[in-house]
Amino acid sequence: MDKKHKFLLEYLIIPVCFLVAVIVVGLIRKHSLIEIYNDGLGITSLYYLLLSLFIYIRWEHLSNK
């Protein structure tokens, strides 16, 4: 997988899949739209946080070699 496809997968496709999953689960469980919106924002921001931490740790590990 080249860098362009990896970027698309990590930063665009996976978060969109999380948002779609949150919307579907929220509609199945009959949550209000504001709850679905907040859950989607929370899961997406948590994903980006963990991804950025992973990239930072990996960057530090590779730069110390």
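The values are calculated or read from the model by the stated rules, or taken from the named source; none is laboratory data. The shown structure was predicted, so the numbers you read here are calculated from the model rather than taken from an experiment. Methodologically, a virtual Cβ is constructed for each residue, glycine included, from the backbone with ideal geometry; neighbour enumeration extends over all protein chains shown. Ligands, DNA and RNA are excluded from the accessible area calculation, which covers all protein heavy atoms including side chains. Shrake-Rupley method; radii C 1.70, N 1.55, O 1.52, S 1.80 Å.
Figures for the structure shown
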| quantity | calculated |
| --- | --- |
| Modelled label reach - Tyr48, point 7 Å along Cα→Cβ, region 10-31 residues with backbone N closer than 12 Å | 11-12, 15-16 |
| Nearest 10 degrees, 0 to 90: helix 33-63 Cα axis against the chain principal axis | 10 degrees |
| Estimated distance in nm for a label pair at Asp2 and Tyr56, the labels positioned 7 Å out from Cα along Cα-to-Cβ | 3.1 nm |
| With Cα atoms, 0 to 90° folded angle of helix 14-28 axis to the chain main axis | 20 degrees |
| Where the chain is the region considered: accessible area per residue in Å², 1.4 Å probe | 86 Å² |
| Portion, in percent, of the accessible area of region 22-65 that falls on carbon or sulfur, probe 1.4 Å | 71 percent |
| Efficiency of FRET from Cβ geometry, Asn64 and Tyr37, R₀ 35 Å, rounded to 0.05 | 0.30 |
| Cβ-defined net charge surrounding Tyr47, 13 Å radius [Lys, Arg +1; Asp, Glu -1] | -2 |
| Measure of compaction for region 1-55 (Cα Rg per 2.2 N^0.38 Å) | 1.29 |
